[in-house]
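Trainee: This is the structure I have questions about; it appears just below.
The values are calculated or read from the model by the stated rules, or taken from the named source; none is laboratory data. Just so it is clear, the structure is predicted and the values come from calculations on it, not from any experiment. As a convention, Cβ positions derive from the backbone with ideal geometry for all residues, glycine included, and neighbour counts pool all protein chains shown.
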Ligand SMILES: [Zn+2]
C-alpha cells in the first residue's frame, strides 16, 4: 500500500531531530512559542534587476546547532568565528525563497518547507500573499535542489501548492533522486531523502509538470541555470541578467556565513558530496568577487541579498543597502 504523503514526511522531521536540525535551545523555544500562523516580520523585500523585479520571500527561520552540523572544521574554529560575529552556537537560520517578476510571468526560486519543520517555518505562502499573489498565479518554480527545505512547499498536504506551475529541476538532479538505480546505489543515510523528494516533487512528475533541463539552455529570456554540483549532484544556481545588471540565486552553497566566509572548506552534514560542495563554494565565491554581481542566497540572513567582497584570505558579505525606491510594476 502506498504511504500517504504525511506518513512519508513524518520521518523527515524525525531525521531532522536526530541531526539536531530541530534542537531548540531554551531561548529559541520562547521565540518559537511567539510565532504561530504568521511571521512577526514583514517577510518580503523588493528590488529591481534591470527589467526584472525580484522579491525575497521569507519562509521563516529555524535554529541550527552549528557545532553538531558543520564538518571538516578545525578544533575551536566554529565557536571562535560565531563569537566574533556575535552569534550563539545555535544560530537562527533563515529559509528564503525568491519571486522573479519576468515579462508578465511569476517565477519562484525554491519553495520553502510547508508544514514539515514546525511553526517557525512554512510561511512562504503568507509572504507571497503579503505582496499580493496567490500560489495559483505562479507560472514556474525553479528548484535549486531537491532537499525538503526547498521542495516541501510544493505540496500542501496532498494538494499541489502551485497547481498551474511547471517545476524546473536540472536533469542531473532528476536523474539522481528519481531513478531506481541511483536510489539502490545510495547510502542508507541518504535513503530517507529519496522519500522526501518523491513526496514533494513526485506528484508534479507524475502529471508531466516537471521540466528536467540541461545547462546549455536559457529557461526564460535572461534566465539561465548554472551547474553547481556537490551539495547535491544536480544542485543548480540560477542567473538573471537584464540591462547590465545580474543576480545569481545561490541555493545552498552556504549554510553558515559566519564560518564559511572565513573558511569555505567547512562543509555540512547535508552535503551529499562534501568535497565537491566545498570546491563549488570556493569557485562561486571567487567568481562573485571577480564579477561583482548581486547574490541571493536561501540560508543567509533574510533577505539574503547582497554582494561578496574579498578581505585578504577571507570573504565578507555586504548586505543590500535598504532601499524604498522600487518601481513596482
Ligand atoms: Zn537548504
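Trainee: Condition test on residue 68, is it under 20 Å from residue 258 (Cβ atoms), in contact (Cβ under 8 Å) with a residue 24 or more places away in the chain, away from the ligand (no atom under 16 Å from the Cβ) and assigned to a helix (DSSP H, G or I)?
Mentor: Considered against the rule, which asks whether it is under 20 Å from residue 258 (Cβ atoms), in contact (Cβ under 8 Å) with a residue 24 or more places away in the chain, away from the ligand (no atom under 16 Å from the Cβ) and assigned to a helix (DSSP H, G or I), residue 68 comes out as yes.
Trainee: Checking residue 262 against (1) within 15 Å of the ligand (Cβ to nearest atom); (2) in contact with a strand residue (DSSP E or B) (Cβ under 9 Å, 6 or more places away or on another chain); (3) in a loop (DSSP other than H, G, I, E, B), only one condition comes out false. Which one?
Mentor: Residue 262 satisfies every listed condition except (1).
Residue-by-condition table, conditions (1) in contact with a helix residue (DSSP H, G or I) (Cβ under 9 Å, 6 or more places away or on another chain); (2) at pLDDT below 90:
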residue: 16; (1), (2): yes, yes
residue: 45; (1), (2): no, no
residue: 85; (1), (2): yes, no
residue: 98; (1), (2): no, no
residue: 103; (1), (2): no, no
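Trainee: Answer with yes or no whether residue 194 is modelled with pLDDT of 95 or more, in contact with a helix residue (DSSP H, G or I) (Cβ under 9 Å, 6 or more places away or on another chain) and assigned to a helix (DSSP H, G or I).
Mentor: yes
Trainee: Here's another thing I want to ask about it. Please go through (1) buried (at least 16 other Cβ atoms within 10 Å of the Cβ); (2) more than 26 Å from residue 190 (Cβ to Cβ); (3) more than 16 Å from the ligand (Cβ to nearest atom) for residue 132 and return the number of the only condition it doesn't satisfy.
Mentor: Against the list (1) buried (at least 16 other Cβ atoms within 10 Å of the Cβ); (2) more than 26 Å from residue 190 (Cβ to Cβ); (3) more than 16 Å from the ligand (Cβ to nearest atom), residue 132 comes up short only on (1).
Trainee: Limited to the stretch 284-329, what total is found for residues that are within 16 Å of the ligand (Cβ to nearest atom), farther than 17 Å from residue 44 by Cβ and either touching a residue at least 60 places away in the same chain (Cβ under 8 Å) or assigned to a strand (DSSP E or B) (or both)?
Mentor: Total meeting the criteria: 2.
Trainee: Any idea which of 251, 208, 230 is over 19 Å from residue 97 (Cα atoms) and either touching a residue at least 24 places away in the same chain (Cβ under 8 Å) or not in a loop (DSSP other than H, G, I, E, B) (or both)?
Mentor: Going through 251, 208, 230 in turn, just one is over 19 Å from residue 97 (Cα atoms) and either touching a residue at least 24 places away in the same chain (Cβ under 8 Å) or not in a loop (DSSP other than H, G, I, E, B) (or both): 230.
Trainee: So how many residues does the stretch 198-222 have that are buried (at least 18 other Cβ atoms within 10 Å of the Cβ) and touching a helix residue (DSSP H, G or I) at 6+ places or on another chain (Cβ under 6 Å)?
Mentor: Total satisfying the criteria: 4.
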